[in-house]
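The values are calculated or read from the model by the stated rules, or taken from the named source; none is laboratory data. Everything quoted here is computed from the prediction, not taken from an experiment. All Cβ positions, even for glycine, are placed from backbone atoms using ideal geometry, and neighbour counts span all protein chains on display. Each accessible area value is taken on the protein alone, full model and side chains, heavy atoms only, with ligands, DNA and RNA left out. Shrake-Rupley method; radii C 1.70, N 1.55, O 1.52, S 1.80 Å.
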Amino acid sequence: MGTTQPEDGKTTYREAMREALREALRSDDRVFLMGEDVGRYGGCFGVSLGLLEEFGPRRVRDTPLSESGFVGAGIGAALAGMRPIVEIMTVNFSLLALDQILNNAATLLHMSGGQLPVPLVIRMTTGAGRQLAAQHSHSLEGWYAHIPGIRVLAPATIDDARHMLAPALADPDPVLIFEHGGLYNTAGELIPPTAPVNLDHAAIRRPGTDISLITYGGSLPKALAAADELATEGIRAEVTDLRTLRPLDDAAIAASVARTHRAVVIDEAWRSGSLAAEVSARIAEASFYELDAPVERVCSAEVPMPYALRLEEAALPQAADIVAAAHRAVD
């Protein structure tokens with residue numbers, strides 16, 4: 001599972017998420033965690049390590065390999081007044097529960113005339129870069145961002161990993177949290193929030209005036225690395241972290257494009273029908289007259305994610321690809 005220890009005084013993304021779970025379990029008796037291997041094994045990526053010993057098997061429940069079954073149980077528990085957190089190992093496996101998520105969790109409030117809210121949180125790992133091959137490595141969060149009735153989060157920083165869960169549990173609608181597997185060992189200083197986290201807003205991770213790099217999740221570090229390289233050439237790139245993929249913060253996207261007049265959208269999903277396509281379309285709809293160049297997209301190659309290291313690296317968006325796209329827009 002790769003639980004590398006951070007330097008003294010630093011927190012990993014994995015530890016930040018674990019502390020968020022611990023806080024949720026401590027503060028509300030209605031909260032419980034369930035999923036495959038979340039208990040005795042500590043989660044397939046080590047996020048829930050130690051929580052079974054601390055809170056017991058009623059609050060941290062191992063489930064059979066039955067995604068549709070335990071996601072459906074979570075929906076039922078939420079309808080009964082509980083606050084379940086359901087963990088699905090990877091986004092690829094979540095497709096086995098897609099019927100429960102789309103036809104039940106996302107629709108019951110609407111179909112019941114507002115009588116049946118489903119305050120459910122579903123966590124899952126997304127993304128590639130760890131040589132786990134095609135059935136464990138895809139980025140399908142854009143598919144879920146297509147569905148009305150749910151909120152889709154993609155924490156890209158240690159602070160968001162720590163502090164997004166509480167407002168997600170307070171949301172009356174189902175919330176899906178996508179944790180990029182490449183971020184779990186990321187370490188840094190955890191900053192206490194000065195106010196409750198607002199899930200409706202994107203964040204500017206680096207200000208700039210020459211081009212907007214718009215991204216989320218595991219692509220954020222690559223966008224920041226690209227911005228560093230562009231800065232050495234005198235190109236000031238603004239990096240926007242979408243944070244919430246549904247609903248998108250249209251105002252933040254438009255404001256960034258208004259400042260820079262050029263945009264590159266970075267998305268680890270396949271280019272066709274991707275979230276990058278949606279963001280690019282919204283820029284064209286709302287900010288067409290602000291643009292000085294066509295919107296660029298940097299996405300994964302349209303192949304099942306390869307296992308071989310070099311092929312996987314070649315299939316994924318890299319900082320060099322982002323720099324090249326920025327040059328096409330700026331030059």
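Some notes on this structure:
- Near pairs, Cβ below 6 angstrom, 6+ apart or cross-chain, from the range 49-78 (under 24 Å from ALA106 (Cα atoms)) to any residue that is part of a loop (DSSP other than H, G, I, E, B) and open to solvent by 20 Å² or more (accessible area, probe 1.4 Å): PHE70/THR63
- Residue satisfying all of: in the range 299-312; touching a residue at least 60 places away in the same chain (Cβ under 8 Å) and under 21 Å from the mean Cα position of the chain (by Cα); farthest from GLN131 (Cα to Cα) among these: SER300
- Every test in (1) modelled with pLDDT under 95; (2) in contact with an Asp or Glu (Cβ under 8 Å, 6 or more places away or on another chain) is passed by THR157 save one, and that test is (1).
- Helices (runs of 4 or more DSSP H) fully within the range 1-110 counting 1 or more residues that are crowded, with 18+ Cβ neighbours inside 10 Å and under 22 Å from the mean Cα position of the chain (by Cα): 13-27, 67-79, 91-94
- When residues of the range 166-175 are limited to those that are among the aliphatic types (A, V, I, L, M) and surrounded by 18 or more Cβ atoms within 10 Å (Cβ to Cβ), the one farthest from GLY142 (Cα to Cα): LEU169
- Every condition in (1) open to solvent by 40 Å² or more (accessible area, probe 1.4 Å); (2) more than 21 Å from the chain's Cα centre (by Cα) is met by GLY129 except one, and the failing one is (2).
- Considering residues of the range 133-163 that are open to solvent by less than 30 Å² (accessible area, probe 1.4 Å) and acidic (Asp, Glu) only, the residue farthest from PRO247 (Cα to Cα): ASP160
- Matching residues in the range 181-213 - criterion: being among the small types (Gly, Ala, Ser) and in contact with a helix residue (DSSP H, G or I) (Cβ under 9 Å, 6 or more places away or on another chain): GLY181, GLY182, ALA187, GLY188, ALA202, ALA203, GLY208, SER212
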